[in-house]
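Before any comments, here is the structure.
The values are calculated or read from the model by the stated rules, or taken from the named source; none is laboratory data. A quick note: this is a predicted structure, and the numbers were derived from the prediction, not measured. Cβ placement follows ideal geometry from the backbone for every residue including glycine, while neighbour counts extend to all protein chains displayed.
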């Protein structure tokens, strides 16, 4: 079933039954927005929208409020291994676009630096749980000595569950902002940030012209002294070649204005599609691994055939110098190369 057929089925179902709560991933809500369908079947009935599986951006959260009306939005983040969430929403408090409202009850959630120190509100760090919690898994299957279990959650900060997500707390609202996976953190020139910061700029200023994007870092062993940021973008079909070239310049300019010159991607490449896994999550970690290790990384991945096929395209970016030579090479951090490949 295509996404559009699924959306039509949801419309028909909603017009026949008094649905009061509806949950999906951000990818589904994005498809809903792109389909430009009528909101009448939903209005006046729903009082709860639930989102999980990926980051619900500010732009998409605002669209949900406009499309579904004044209903409570509950965004949550946790893990399958927990059968639950570390942070989620509540009807008892306001929900701010792009933010998650509260920490889950019974979980001592905090934000730590990589070396294990608590961070103040506004600082980006690791999502940790400082004490054991009721739904905490105690082992993995086929891991008798618990080596894989320990390496997954306790190797970075001893005695503290480190979940692998980047997070910060808004000092104005106390809302929690998930910034992406820790293994996908970008660190060009010593500036650490999450890919979601780049996505937020694109959604805020270019939602009509940029249909999707993926941002990762590249630092190949024995080849790159420093990490560089690579941005892949999928433009809407209505963009002409000239308008796309101008759009790329505006993207660089807006990232520099809204964030900093050091956030500007070293290269911007136009692609036809962005790879997602079966759960609707962008395959950032896998693409980053391919950009850093090449074909060997793809061959060692435990992914489905469809996912592997979507990732195959990115193998050529391991030798990015030959590809980037097709476009004007960046001379400093405020200007970036752009190519259509």
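Figures for the structure shown
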| read-out | value |
| --- | --- |
| Flag if residue 159 is free of Cβ contacts under 8 Å to residues at least 12 places away in the same chain and surrounded by fewer than 17 Cβ atoms within 10 Å (Cβ to Cβ) | yes |
| Residue within segment 35-48 that is surrounded by fewer than 18 Cβ atoms within 10 Å (Cβ to Cβ) and at pLDDT 85 or above present | yes |
| Count - residues of segment 233-259 that are touching a helix residue (DSSP H, G or I) at 6+ places or on another chain (Cβ under 8 Å), outside any loop (DSSP other than H, G, I, E, B) and closer than 25 Å to residue 313 by Cβ | 5 |
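Per-residue answers, yes or no, for (1) more than 20 Å from residue 220 (Cα to Cα); (2) free of Cβ contacts under 8 Å to residues at least 24 places away in the same chain:
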position: 246; (1), (2): yes, yes
position: 261; (1), (2): yes, no
position: 268; (1), (2): no, no
position: 274; (1), (2): yes, no
position: 285; (1), (2): no, no
position: 291; (1), (2): no, no
position: 310; (1), (2): yes, no
position: 313; (1), (2): no, no
position: 323; (1), (2): no, no
